[in-house]
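Engineer: My structure is below; once you've seen it, I'll send some questions.
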């Protein structure tokens, strides 16, 4: 397993729900937990992944997500078993929407 940690500037997320869990860890999938963070203008992300050596890909995918979604003020934990970038983006959007009470 590899652990990666990132921090991205992002517009503040509205918070209308409890921490949100989305996805299932399994072959080729991942789970994402979104909960309140401590910096209103930043998104902190911690990834535990079985796919080693993809730090630059993770950084690009997550940076793009943080730039296009209001995710500031969140702490996101990702447990990955080899999900593709498209699945990562989809699950992030689903988890953030659930965290915001379905507002997205």
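Engineer: Using only Cα atoms, tell me the angle between helix 85-99 and the longest principal axis of the chain; keep it within 0 to 90° and round to the nearest 10.
Structural biologist: Taking the Cα atoms of the chain, the angle to 85-99 is about 30 degrees.
Engineer: Run a plain Debye calculation on the chain (Cα atoms as equal point scatterers, no solvent) and give log10 I(q)/I(0) at q = 0.18 Å⁻¹, rounded to two decimals, same order as the q list.
Structural biologist: -0.76
Engineer: I've got another one for you. Looking at the chain, send over the antiparallel percent of its DSSP beta bridges, to the nearest 5.
Structural biologist: Once the DSSP bridges in the chain are tallied, antiparallel ones form about 70 percent.
Engineer: By how many degrees, 0 to 90 and rounded to 10, does the Cα axis of helix 55-68 deviate from the longest principal axis of the chain?
Structural biologist: 20 degrees
Each reported figure results from applying straightforward, stated rules to the coordinates on display, with no laboratory input. The shown structure was predicted, so the numbers you read here are calculated from the model rather than taken from an experiment.
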